[in-house]
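Read-outs throughout are calculated quantities, based only on the coordinates presented, and are distinct from any laboratory measurement. Just so we're clear, the structure is a prediction, and the values are computed from it rather than from any experiment. Counting neighbours? That spans all protein chains shown, and the Cβs are built from the backbone with ideal geometry, glycine included.
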Amino acid sequence: MKISASILNIRDPKQEEVKKLCSLDIDYLHLDVMDGIFVENKTWGYEEYKDIIKFADKPKDVHLMVSNVKKYIDEFEDFKPEFLTFHYEAASEVSSVINYIKSKGMKVGMSIKPSTDVLEIVKYLDYIDLVLVMSVEPGRGGQTFIENSVKKINQLYDLRCDRGYNYLIEVDGGINDKTIKDCSKADICVVGNYITKQDYKEAIDSLKTE
């Protein structure tokens, strides 16, 4: 399983801390982008992120929690992310957004909130590269893992096996050295506070061990 480290709550000085984090055994740097509209909170924008990740050399995993999806796609494509993920619930024309991301040469991720059923997105699964299961309500870090998320991960895993889909399964929210055990069928776990609120290396090593 791969680890995508979220820097949403990374301590100061952010630029140096991100550089330190990227020197360790993480697979992706996870960038949470919130607009204060689709979700209550608002994070740094493109210019702020550009400075914060100036020395980051890990592949970028960008998660858009925004209402004006295409506007943010245009901004964050400059980072050349490995995955650019939008919320299914935020897009009025889902297929159009999928095609728009693909037209820019990026891998497409689609995220679903805890209240969204996997069956709602089945018709898109053959056209995307990643499904991000939110295991907390999107919008802020430090929340408790929602147990029902495991059922969604397993359901997506079974669909992929049964129908020959190629998407990766990612889970985000409340992941630590205990809850990661329940996410064994996910390919990528996004981990924020568990890493950034303690010694980075010790936290990452404990996750990799599990």
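Side notes on the structure shown:
- Residue match in the range 82-94 (condition: within 26 Å of PRO13 (Cβ to Cβ) and crowded, with 19+ Cβ neighbours inside 10 Å): yes
- Strands (runs of 3 or more DSSP E) fully within the range 59-122 that include at least 2 residues being more than 15 Å from the chain's Cα centre (by Cα) and hydrophobic (A, V, I, L, M, F, W, C): none found.
- Among residues of the range 30-59 that are within 25 Å of LYS2 (Cα to Cα), those with a Cβ under 7 angstrom from a residue that is of a type in the set (Gly, Ala, Ser) and surrounded by 19 or more Cβ atoms within 10 Å (Cβ to Cβ), sequence gap 6+ or separate chain, pair up as HIS30/SER4; HIS30/ALA5; HIS30/SER6; ASP32/SER6.
- Within the span defined as the range 154-172, every residue fails to be assigned to a loop (DSSP other than H, G, I, E, B), free of Cβ contacts under 8 Å to residues at least 60 places away in the same chain and charged (D, E, K, R).
- The single residue among ILE195, ILE180, ILE175, ILE146 that is in contact (Cβ under 8 Å) with a residue 40 or more places away in the chain, in a loop (DSSP other than H, G, I, E, B) and hydrophobic (A, V, I, L, M, F, W, C) turns out to be ILE175.
- Against the numbered list (1) out of contact with any helix residue (DSSP H, G or I) (no Cβ under 6 Å at 6 or more places or on another chain); (2) under 26 Å from GLU40 (Cβ atoms), VAL122 comes up short only at (2).
- Tallying residues that are over 16 Å from the mean Cα position of the chain (by Cα) and among the hydrophobic types (A, V, I, L, M, F, W, C) within the range 11-37 yields 5.
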